[in-house]
Every structure is written in C-alpha cells, then in structure tokens.
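Working notes for the structure below.
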Number of protein chains: 4
Amino acid sequence: MTRLSDKYDPGPQIAQCGGINLGTPDLEKSLWFFRDTLGMEEVERRGNVSYLRCHQELGHHSLVLTEQAEAIVNAYSFRVRRPQDVELFAEELKRQEIEVLEVPAETEIGRGTAIRFLLPGGDHPFELYYDIDKPLAPEHMRSRLPSNSSKRRGLGVRRIDHFNIQTSPSTINQAEQWVRANLGFKRREFAYLPESPGTVMASWMSVTPQMHDLAIVANRQDKKAQLHHVAFNLQDFSDGLVAADILKDLDVSFSAGPGKHGIGQAMYLYVHDPASDHRVELYAGGYLIFDPDWEPIEWKKEAFPDGLTWYGDPIDTKPGSRGRDTTGSAGLHLK
Amino acid sequence: MTRLSDKYDPGPQIAQCGGINLGTPDLEKSLWFFRDTLGMEEVERRGNVSYLRCHQELGHHSLVLTEQAEAIVNAYSFRVRRPQDVELFAEELKRQEIEVLEVPAETEIGRGTAIRFLLPGGDHPFELYYDIDKPLAPEHMRSRLPSNSSKRRGLGVRRIDHFNIQTSPSTINQAEQWVRANLGFKRREFAYLPESPGTVMASWMSVTPQMHDLAIVANRQDKKAQLHHVAFNLQDFSDGLVAADILKDLDVSFSAGPGKHGIGQAMYLYVHDPASDHRVELYAGGYLIFDPDWEPIEWKKEAFPDGLTWYGDPIDTKPGSRGRDTTGSAGLHLK
Amino acid sequence: MTRLSDKYDPGPQIAQCGGINLGTPDLEKSLWFFRDTLGMEEVERRGNVSYLRCHQELGHHSLVLTEQAEAIVNAYSFRVRRPQDVELFAEELKRQEIEVLEVPAETEIGRGTAIRFLLPGGDHPFELYYDIDKPLAPEHMRSRLPSNSSKRRGLGVRRIDHFNIQTSPSTINQAEQWVRANLGFKRREFAYLPESPGTVMASWMSVTPQMHDLAIVANRQDKKAQLHHVAFNLQDFSDGLVAADILKDLDVSFSAGPGKHGIGQAMYLYVHDPASDHRVELYAGGYLIFDPDWEPIEWKKEAFPDGLTWYGDPIDTKPGSRGRDTTGSAGLHLK
Amino acid sequence: MTRLSDKYDPGPQIAQCGGINLGTPDLEKSLWFFRDTLGMEEVERRGNVSYLRCHQELGHHSLVLTEQAEAIVNAYSFRVRRPQDVELFAEELKRQEIEVLEVPAETEIGRGTAIRFLLPGGDHPFELYYDIDKPLAPEHMRSRLPSNSSKRRGLGVRRIDHFNIQTSPSTINQAEQWVRANLGFKRREFAYLPESPGTVMASWMSVTPQMHDLAIVANRQDKKAQLHHVAFNLQDFSDGLVAADILKDLDVSFSAGPGKHGIGQAMYLYVHDPASDHRVELYAGGYLIFDPDWEPIEWKKEAFPDGLTWYGDPIDTKPGSRGRDTTGSAGLHLK
C-alpha cells in the first residue's frame, strides 16, 4: 500500500515512556512488591537483575530491578518511533556537544542498542531505544486476550504510565525546555514558582495524548537528578481504591492518596517499594488530549491546592512529610 | 524555542475524530437524550440545529443535531493537525480525482472552513477541518477544572470517542485501505469474513493511541454509507453500569450491553436515541497503543465471539435483532 | 399460616432509623442540595415544610426540611417494629418518669401518631412511630423496579442510613446505656476517651445488621443535644467518588472525605447543606453483622486514627477544623 | 445493664445463613477455585475435608469442602440466635414428627452441637447450630482491621450471602411455607408458575434485612433436594466486573452474568467450581429491607425477564443451557 505519509519525514520522535531501571538493596523484597503485590510478570532474571512487565505490555519489560547498594535510578528509558531514530537522536546530541554513550544490545536483556545521556539541566540518565523483544508469557500466565501479554493478577497494574522527575530550581527551565525542543514533549499543564515567576515549579508534558508521559518538578532541596515517582496505570478509579485497601492492610508505606488530581484529572495513590523506598504512583483515569492546538494550562498559587488534590487525601509538599522524598540517579556510565 | 521537529515536515495528518452531524425527526426529544440524559452541554442553537459538546471537550461541539425528515448522518467530521492540512488533503483528493466540496466557515457554527468528500468505497460524507472555536461555558455550568469546559452532569459522557461505520462487503476493502493509505489510520485489530478470506469483516483503526477512532464493518445487507454507532466516552466501567441502570429505568432502547469487548478491552453499552433511533455507544476503558510497531490483531472465527463480548450481555450480530441496525448517510452535498 | 413465632412476644423494638427533621433558613437552597443535587424526591410540600425520600425508600419521607430561623434538628425519628410498640414504649418511658409528648398523626404529613421525648443524657428529641404512608411517586419519576419508589437521579442517594449525635462527656455514658437498655441498640464498635477510661468517646450501635444505625460521640465543647451528621446511603464506593467530583465542582463545602473508615469499613464523604450547614455524610459499603454473639470492637488510642480513616482524606477531629462542627436540637415541644 | 428486652422472649430464631458443606471429587482443584482464586482462607484441613471462610467472617468456616465421589451438598447450615434455640427447634421438629438427628460437636471442626433434618417438601439436609469457634487467622494473613479475620485476597469474596435451592413444583409450596412458618423467613419477592397460579415458581426470603438469605425455586425437571447456587458477597459492582474479567481469562465456566437482577437489585455472576461443577454466585449490592410491614413483591410473567436480568448477560432458564443445572443433596444421615 502506498501511503500519503510516505512522502513526508516526521523526523526522530519519542513514542512512549518505555521503562525504568531501579536499584534496590533487596531484590526479593522488591519482587514481593512489584510482582507478587502489584501483579507484574517477572519475564526474566539474570543474576541480581530482574525484568518485569505489566499484563497489558507486550514488550519484554518496563521495569528493571537491579540489586545494588544504592537505591537510585539507573536509567529512564524512552522508546523511539522508528529504528533509525536512535541514531538520529544520537547525531543531534553530538551536534549539541552532549556526551552520549552507546548502550549495546542486550545490556538490558531483550532490548536492542540504545543511547544514554544525561538530561541537560537535570542530569537524569536517559536512554533511547527502539528494538525490544515481545516474548509470550508462560502458558499458564498467558492471557486469552491477544492484546494482553498475561492474565491480570494482584492489584492489576496494566502498564507503565509516566515518570515524575525533579531537578534544581536553578536549572529546571533548561531541562524542561530541552525535552520540549529536542524530544518533542508538549507542555500540557504547568505552574511557576510563586517566588520566582517564569521559573517552572512543575511541568506536565507528553508526546502522546496522555496529559503527561513526563513531569519535571523543582526540587525544594535544590537537588538535581531526582526521581519523585514512577507511575503504573490501573484501569479504573475503583481499582485504585481496592489497591489502597489492600496495601494499607499490608502496611505498605503511603506518601499520599488515594485522591484525585485536578491537574490531569487522574486518581493517585503514592506508595513506596518497601525494599528500595522508591515512590510508585498507582494511577487511574485522567483525560486525553487530542486537540492539536492545546493551550497549556497554568496553575496559579490560589488554585494550585485544588490542582494537586481535587478530592481525597491531600498531597503534602513539605519535604520529608511522609516517606522518602526523592531518589537520586546514576550518572553517565553504563551499569 | 527552536524545536528539532521544525526541521521536518510530517505532512497532513488527522488529529482526531471530531464530531458527527445527525439528522433527527424530533430535536427536542433528541435533546432530552443527549443533553438532559447523557449530560452534554447545548452550546448553541440556531433554528432547527443544535450544537453540543461533552464536559471534557473544549471545542465548540462534537455533536450537531439537525431536525430533518430523514434520520441519517449528515457528516462525519475529523479534525486535522495543522491549519494547512485542510488544503493539503484537498489537493491530494483532487489529485486522486475524488470530488471535493468546500464547506464554508460557520456552515457548522463555530467551525472554520472544511472540505467534504465521500469516502471511496463507503460513500460516507467525511469532512475535514482545523479551526474550531473554544467558547467558555455559561458561568453556572463552567467547571472549576480548566481542562473541563463544564461540570459533569447526567450520565457523565466526557468526549466523543469513535465512529463505527459500515459499507458493502464488495467495497469494504477499498474503503478500509483508503483511510489507511490517505488519512493515516493504522489497523489495530481486524477480522476477515469467514466466507471470504481477505475481505475485511471489521477493522478497528486509529490515528491516536486509542485502539480505534474509526471502525469499518461489512454490512450484512450489502448497504453502503451506513452508521453502526457513534461512541461517547465515560470515565470508568462503573459509570457504564450506572448509565445502564438509569437508561433501563427510563426505558431507553438497548441494542446490547453492558458488557466488555475482548476487542479493545472496553466496556460497551449500545442504546438508541429515542427520537432518531441512531445507535449510540457508551464506552469506557480500553487499552492504549504506544507501540510504534504494533502488529494488528487478527480475530479468527472461533475466537470472535469472545472478541465481541468478553463478558456481559452478548452482541447479537443478526440483522434487526434489537433496535435499528444502521443509519444511512447524506450524499455529497452541503446540508 | 400459623407461625412458630406467634407463640412468643419479642416485646417493643426499633425497626430502623426512620427520618430526620432539619431546620433550614432557606428552604429553596436546601432543596437545591437534597433534591436537585443528591437526587431525593420531594414527595410533598406544605407551606414552609418539605418532605423528601430517597429512590429506594417506599415510605412517605425520611427527611423533613422546615424553613425556620434556627438551623437545628427538630426531631430524630425511629420506626418501631409493630403498631403496638409506640404505646408500649410510651408506657416504659412513663414508668421511668421520662416526659413524653404525643405527636398527633399528620403532624409530619403521611405519618401516624408518634411519641416524642428527650434522650436521657443527650437531650436530643427522639420520636417513635409506626404508621407511615407509602405513596407512589408521580408516574414520570416512578421506577420500573417495584422495590424502588422512583428512578435513580442526581448523586443517587438511595436511603437514609444513620444518625451520628453528640452529647457532653459527662452524660454520654448515660445516653449510650439508655439506648442500649431500652431501645435495643447493640454496641458494635466503640472507643473510650483516652483521658477518661470507661467514658465513651464514641459508640457505634445498631438494631439492624448494619454496623450502626446510631452513633453517639462525646462533644469536645461539652455540648449536649448535638447532631454531628445524618448519613445517606450510596450503592458503591464508585458512587462516592462521583459524588465527591461533582460536589467539589459545585463548590459545596466538604468537612472530610472521601475516605474509608476502618471503623465500619465504609466510605465516607462529609459535606454541608449550603443553606443550613447541617453536615451530611454520603456513605457507601460497610460490613453487616449477622453474628448474634458479636463482640464489640474497642478502638484504643494508637489504632484510632486508622479507625477514623483507613485511607483517603483524613478526618480532623479538632473543633472547627472544617465546616460547622455540630448542630443543636429543638427541645421537648412540638414544632 | 437491665434491658427492656429481658422481659420478653422472642422464641427460637435463625440468625443467618451460616455455611454449606459441598462434596467435590477433587479437593485440590476446588481449593484452587475457592481459596486461590476467590480468595477464601483455608482455616483448617482434616484428611479429605477442608474448612474455609471469607475475610469478613470471624467464625471458623462458612464453606466445607469434602472430597467424595458425589458432588452433592452434604449440608445447608443455619446459625441460630441463642444457644438454647438449637434445642428449642429440635423440640418443635419432634412435635411435628419430623425426624431429627443430633450432629455432635466437632463433626464439623470448630462447630458445636447441631441438629440435622430434611426440609419438609424439599428434602434438603438442613443443620442448625449456635456455637462456632472464632479463630484468629495466621499472623501473616491477619487483617489490621479487627472486623475482618484476614486481609482481602484474590477476588475478594467477603462472606457467604445466601442459598438458592430447588425442589419439585408439586412440593415447593410445602417447603416454602414450612420455612416461613417455622424458621421465621419472610417472603420478600416471589413469582408463581405461570401455568399454575398459586404455585411458587420462586420465592426470595430472609430472616435478616437482606432481600434473601434463602431462595426456593421450582425445579423444571421435577427434582427435589437440589442446589441451584450458593452465593458469596463482594463489596461493589466493580468487584463483580473484575471477577468476571479474571475468571473469564482463567476459562472458568460461566452460567450467566455479570448482570444486575431486577429482583433484589444485586449484581450476579454465576460460575462453576471446575472440580465439582457446583454453581457459585458472586453477588454484590442489593437493597436492604428495614420496613417491618414489607409487602412481598410479586413478579408477573411479563415483567419477570426484567426481574431476572435488569441489565447485563441474560439468565437463560432453559435446563442445561449453560453449565450443570443443579446439584443434589445428601439425605438424612451424618457424613
């Protein structure tokens, strides 16, 4: 079939928030959380590294758990739209004199060649890749629905949803603009620091119709390279309530939720992996943006509390209020 | 900000399923259904034409109700990604010697210039437009959330979701291939006619990460230019159950549902506007496709019943089983 | 049919929490809240008094709104199990030298003769009645389900659920024991004041398998005759979330919620009638008690926060924290 | 505390539908279903007999699985309100010349002395007991909520709800009247056989405010002593949908559902234990009856389909339509 689009070249693009590689001091305990409780499938284990995916993900993994001393983020990975986009992005990074490492295929099992660099202004280790295996789940776990890799289990997380990362107020504008200018992220909702108009306090951005695939937030303790949370998607708000009920009875640490954000209109429940203390958001609902001329929504100071918490358990933004605040990142080296 | 994407030209693209213009013999009765029961906002009325939108839509309308003798579809409208795409698509249609009408701005109130043509192989009147007003709702209806145009009401439909159209088995392949080749729709799930392998029985396609923005289905009575249903989106499966409960008590005609499709993993509830008998699907959930290398899922005969109805009230595909089957379309002329 | 039970006499008993008569300074505004927003049916209006019921209630009313200067509670009404129980309870009250008024039939429209007295230790005006009309709803509102009086509307409150009343710590034990000894309420869950072991801080009691039809709580400002809230029942937790969403957008005042109580395992959402500021709980779920040998659950200080809020928006028990604290009651006179 | 009720004697009464003892040819497979999938706790195992309860049940068990050749019901057990009621009911049975066996304590582990007899007109083996142990769950399963015995797991069944039993049309009136006259069940909703007015087709009865604790239905194949289904309660309708989704993917046999009954207003999902083929209803919602003067609702022929299925997957009442129809019962002997 000849397609009209074949006459055009959209250039290199990010397709989705693909996966995260989290360090944990206790792999078995983290597996109790992500696999046995949230319901992810452990697709593969190699030594002290485990690869997991959700039941609605066909790719090899969206979460890598690496047993290591430091509970930091080893990589934030984004999938690109076309095989050639990995190389095209690498060229652009070099043109901008940003240091880029090539991550050989199978460094993360099941994944092709990737590139790795530090987010300008954020220092978060970003990886871009295209190729990823799509293994069938073992027969006893395999879903009868071909759009699911495995049967729903546990709390029913169905796919990775987004990253929320933090950096210093002094460099956040650089980081936010860089992902918009170079990776194609669009600002969907945002707020400036009340004390510093024009400086991003938080920006929710996406390359997809989701309200955000990536949020960048100013870190109140002036730290760069921080993870606030990684989010996994649930089907319905009712799934979020069941998750809250079960996690509370399991005495898993909550930092906030359940509640509904005004920003994005989604249900949130922030809990912590008991082994690594990384914050995980169980996320449901939200609106989709199909308008090509979407005007980013600015949240001013007075309305901002409704933006954080439209209803439900309020989010406390004071550092250390509940649970670990943020998680640092590995630098520019291969794990 | 200089964007990397500025160096590239993605060509003309469809952004979303934008709206539908339905004929109804009784405007007030149709408004009872769409406005008072489903909960849409009537944004504007001009004579016998009413313009409505859902509470999560910022554009002027996604539904036009036109009081007229024939309960047919006057137009299926798609919004394009860039202002220039309307003209670029018009040029391509002329190049292919497809007749195109220009629909002047404000023919549908609030909308800019559009083009109108008949879908090759389907004869459905398609309209493409870019400009649309984004009026604020009246103050008493306006939502405190800036991402909603108005407060949630009634059964809580939040946006138009997709069209399901039908054409003759003898021309369906032409229609399906034409939208894929020219409008950028991607096949996500599909089935061939059991009696005619290679002939599309149903194809679910999208330009967005939704599993489908448009489905094309073979009409069992060999009719072209038919609407099977237009779908409106609900937030959660529980909203679909509440809708079923209330609509049943209002004695609105159901053709099937509630139930969950295996195809697309969404909840369905098919009901009929009591004035026009057009079929409307209340639709919730479903999975999103972010994989750039998505392999279309083929449904073979044995699995197809699970695809139609994974659980719940089974869909009966026999003509005339419950409610009006399909609705014809206006031809290539301006209303 | 001869019944084995005919050989026995269970004595006078309370059948259910039947209704409440609330004073409001602005009847129309209160009707906007209870009728137009929560979805109750206004069964009858006489002058400045309106009678309402929920769609799953067959009796004439469970809520009376009386326009008057003081936004107090005029009566808490309980239905008894048998016609003769009204008189039997009256005799017992007289035996105990508690002053009793006879409330003539039709004092509240649709209701038979009642008796009225002040709760010993609480001073809340309690009324006991048996006869109540069961009028059909107007045809356009009538449900097609005979177990519902009308079609579900608005936020879908389906029946009155319970009263939560407050009295002074110095008399609360008297009040709590009196309803248990005389009205047949059973303690289901309770807590003592941390500073005064043996003094009830809160006691949740029922005559039905509900965890509570009546709660009595110590008032921190030492006031007797207070209403903390009256609760209306929703079918599902998801209905509570939809209610929160809509009420928040309507800018109705929340005092807490949505959240889930550990005590009773039910969802709560406390909001205020904008006219009278009476607190209303929208309540869903909870467990039922069928065990005849149920051991009342005592909540000790450390666990109590989990009892109040198992998850969700935490209940703040500091006086005046959000919204009006409590509402006083009319004394021992007929309205 | 002296209670007013102490002056009266309500006589022997049934407190609740307490438990069922099911035969199964494959205990491990039945445990996969009831314990591992539905989420019950296996409290105890003795040889080929397993005792299970739901997470909201404090008593020792509500389900006994007995490995045996015949997949029949060994006993339907009801708990009485007072210790002396077991003996009082035994005396009444003897007075009526109904044969009664004494079932010694610990015949079912954890249970006190019971009596056993065949339901007149039904031949179902009924057992009445009062004493039952309330063991704590093992620490790792124990809930942090004292009103739950264990943490919610699996599909979240929280308690046994009701029995639906069948007998021959020629004796059904005897059976239905007997339980009403002697065990205190009240008719809540019912239908007569269209071909035989005055003969019960189905009667939903309760001793509690539930719409039914016991239903008796005419068996179309003229069999006595049949079980149609035993029901377990879920919290919300959304739990019923999640259960349907998961059970469908596990390829468990459905006989009908999910859907909502007009009769009782509850969600149903009928599935079959894959080992024994006993039908199990997962049941959510429904209305509660507090009216002491409740008028039983009669369902006439025309309305009856809406009564069976208000919305959702329709119940097919033709014998053998989907799954095993009914399950016979053991006679009057001790297992």
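All of the numbers you see were taken from the coordinates with simple rules; none came from a lab. Bear in mind that the values here come from a model prediction, so they are computed numbers and not experimental data. Glycine gets a Cβ as well: all are built from the backbone with ideal geometry, and neighbour counts include every protein chain shown.
Both radii were evaluated on the Cα set of chain B; the Rg over Rh quotient, with Rh as the Kirkwood radius, amounts to 0.94. Taken about its Cα centre, the range B:11-129 carries a charge dipole of roughly 280 debye when the Cβ of each Lys and Arg holds +1 and the Cβ of each Asp and Glu holds -1. Per-residue shielding of A:188-200, expressed as the average number of other chain Cβ atoms within 10 Å of the residue Cβ, stands at 0. Averaged over the residues of D:228-239, the number of partner chain Cβ atoms lying within 10 Å of the residue Cβ comes to 5. For the range C:12-129, the Kirkwood radius over C-alpha pairs fed into Stokes-Einstein at 20 °C and 1.002 mPa s yields D = 144 µm² per second. Cα-based radius of gyration for the protein assembly as shown, normalised by 2.2 N^0.38 Å, reads 0.94.
In whole angstrom, how far apart do the alpha carbon centroids of the range D:158-231 and the range A:153-220 sit? Here the two parts' Cα centres lie 60 Å apart. Comparing B:50, B:143, B:77 in a Gaussian network model of chain B where C-alpha atoms under 10 Å apart are linked, the largest mean-square fluctuation is found at B:143.
Remark: for residue pairs B:248/D:151; C:134/D:260; D:223/D:300; A:186/A:248; A:318/C:29; B:318/D:248, the C-alpha separation exceeds 29 Å in B:248/D:151; A:186/A:248; A:318/C:29.
For the range C:91-154, trypsin sites (Lys or Arg not before Pro) are listed when DSSP marks them as loop and at most 16 other Cβ atoms sit within 10 Å of their Cβ; the list is C:144. In terms of its alpha-carbon gyration tensor, the range A:47-108 comes out oblate; a/c meets the 1.5 threshold, while b/c is at least as large as a/b. Sorting D:255-264, D:129-138, C:161-170, B:220-229 by their mean Cβ neighbour count within 10 Å, with the most densely packed peptide first, gives D:255-264, C:161-170, B:220-229, D:129-138. Where is the GNM fluctuation largest for chain A (alpha-carbon springs, 10 angstrom cutoff): A:183, A:52, A:250? Highest fluctuation among the options: A:250.
Counting only DSSP beta bridges with both residues in the range A:11-129, tell me the antiparallel percent, nearest 5. Just about 75 percent of them are antiparallel.
Helical content alone sets the calculated 222 nm signal of chain B at -4000 deg cm²/dmol, taking -39,500 (n - 2.57) per DSSP H segment of four or more residues and averaging over every residue. Taken about its Cα centre, the range C:159-312 carries a charge dipole of about 440 debye when Lys and Arg each add +1 at the Cβ and Asp and Glu each add -1 at the Cβ.
Computed from the alpha carbon positions, the gyration tensor of the range B:96-221 leads to an equivalent ellipsoid with semi-axes of 33, 20, 12 Å, biggest first. Placing +1 on the Cβ of every Lys and Arg and -1 on the Cβ of every Asp and Glu, with nothing else charged, gives the protein assembly as shown a dipole about its Cα centre of roughly 0 debye. The alpha carbons of the range C:217-285 occupy a box of 36, 29, 15 Å along the principal axes, longest dimension given first. Counting DSSP beta bridges in chain C, what percent are antiparallel, to the nearest 5? Beta bridges within chain C, antiparallel portion: roughly 75 percent. With the convex hull of the Cα atoms taken as the outline of the range C:159-312, the averaged projected area works out to 9.3 nm². Placing a label point 7 Å from Cα along the Cα-to-Cβ direction at residue B:106 gives distances to the equivalent points in the other copies of 6.3, 6.8, 9.3 nm, listed shortest first.
Peptide D:253-260 shows a mean partner chain C-beta count of 3 within 10 Å per residue C-beta. Note on the protein assembly as shown: antiparallel DSSP beta bridges, both residues inside, total approximately 75 percent of the bridges counted.
Between the range C:1-72 and the range D:265-328, the alpha-carbon centres lie 31 Å apart.
Build a GNM of chain C with springs between Cα atoms under 10 Å apart, and of C:208, C:24, C:66 the one that fluctuates most is C:208.
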